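Read the structure below first, then the notes.
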Amino acid sequence: MDLIQETKFIMNKYNITASKSLGQNFLIDSEVVSGIVDNAEVSKEDLIIEIGPGLGTLTSLLLERAGKVICIELDKRMVNIITDRFSLYENFEVINEDVLKVPLKSIIEDNLKMHNLKNAKVVANLPYYITTPIIMKLLEDRLNLQSITVMVQKEVAERLTETPGGKETGAITYSINYFADSEIVIQVPNTSFIPAPEVNSAVMKLTLLDKPRVRVKDEKNLFNIIKIAFMQKRKTLVNSLKNGNILDGKESIEKMLTELNIDLKARAENLTLEQFAQIADYVENT
Ligand code: SAM
């Protein structure tokens, strides 16, 4: 049975219609499934966190290759299906919960220790309606993760893997760049899913850095300044920072930028991560 037939068979057997609000688009392309697992370099020394396993298409290959797979799935119907399919595997576990509410830090640390595994990795075909909150949680919670290999909407992958200064640069580009190296590893057409989403997709891989790319006194302050700078992307940085009430008016902002050798006409996307870190430290000291 190929993957399309198998997916239809499981959906019929359990009388499943895909939930649009839960972002359910099931993978039916076996090359993409193996491409994801190959790019994540999954081995028996790995603990894999799979977010949104759905009917278990990716899970099946992960269970063969990984030391342990912990699936986190919100939809009880999916939890029942993958429990039926995989409960005989010793390295399978499923948590029926919203991934944004799961204490991932302790789960990862406990399982690495308990099963004597070397690395923790996230591998997933993510629900697109909460891609950004999931990725930011994975990064900001400082989890002991080696990499994150996930399918997301193509435009989102382009924005998240952009280098600062590029065409697609946004505030989130800097956050990703602070924590990780990033790349798009597979382009995926919408025909690789049932039901086919309206958009095309891409698999991106984030490889976590041992320590953040730049040193800054207060990380929250850095992200806040980047957010304010990008709120009015078309304005100059001077005006965005002034409207965001950073420092005491336009003159102080211009003085700071001059001292930091930053062009007064620069816009947010022209700055490097290092320059934002310098601004954050300057503001912190003022
Ligand atoms: N992994 C499957 C595949 O590739 O065929 C399904 C991927 S589908 C794009 C996304 C999955 O995420 C669905 O199974 C959906 O129920 C699940 N999901 C949606 N919101 C979630 C949340 N907040 N926490 C955990 N899982 C969620």
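Points worth noting:
- Solvent exposure of region 122-223 amounts to 43 Å² per residue of accessible area, where only protein heavy atoms count and the probe is 1.4 Å.
- Farthest toward the positive end of the dipole of the chain, out of GLN24, SER147, LEU241, is the Cα of LEU241, where the dipole comes from beta carbon charges about the Cα centre.
- Qualifying trypsin sites (Lys or Arg not before Pro) for region 1-51 [loop in DSSP, other Cβ within 10 Å: at most 11]: LYS20
- Listed values for region 127-143 are Karplus-derived 3J(HN,Hα) couplings in whole Hz (6.51 cos²θ - 1.76 cosθ + 1.60, θ = phi - 60°), namely x, 5, 6, 10, 3, 5, x, 5, 5, 5, 5, 4, 7, 6, 6, 6, 6, and x replaces Gly and Pro.
- Helical content of the chain, expressed as a calculated mean residue ellipticity at 222 nm, amounts to -12500 deg cm²/dmol (DSSP H runs of 4 or more residues, -39,500 (n - 2.57) each, divided by residue number, nearest 500).
- Net charge over other residues, Cβ less than 12 angstrom from the Cβ of LEU3 (K, R count +1; D, E count -1): -3
- Applying both filters, DSSP loop and at most 12 other Cβ atoms within 10 Å, to the GluC sites (Glu not before Pro) of region 70-118 gives GLU90.
- Under the combined filter of DSSP loop state and at most 16 neighbouring Cβ atoms within 10 Å, region 110-168 retains these GluC sites (Glu not before Pro): GLU168.
- The local environment of GLU64, defined by Cβ-Cβ distances under 14 Å, has a net charge of 0 under the rule Lys, Arg +1 and Asp, Glu -1.
- Three-way shape label, region 3-208, alpha-carbon gyration tensor, a/c 1.5: oblate
- Which of TYR129, TYR89 is most accessible, then next, and so on - probe 1.4 Å: TYR129, TYR89
- Within straight-line cross-link reach of LYS20, lysines at Cα separation under 28 Å, skipping those fewer than 8 residues along the same chain: LYS8, LYS76, LYS101, LYS121, LYS137, LYS154, LYS205
The values are calculated or read from the model by the stated rules, or taken from the named source; none is laboratory data. Worth saying up front: this structure is predicted, and the values here are computed from it rather than measured. Here Cβ is always computed from backbone atoms with ideal geometry, including for glycine, and neighbour counts include all displayed protein chains. When the accessible area is computed, the model is the full protein with side chains, heavy atoms only, and any ligands, DNA or RNA have been set aside. Shrake-Rupley method; radii C 1.70, N 1.55, O 1.52, S 1.80 Å.
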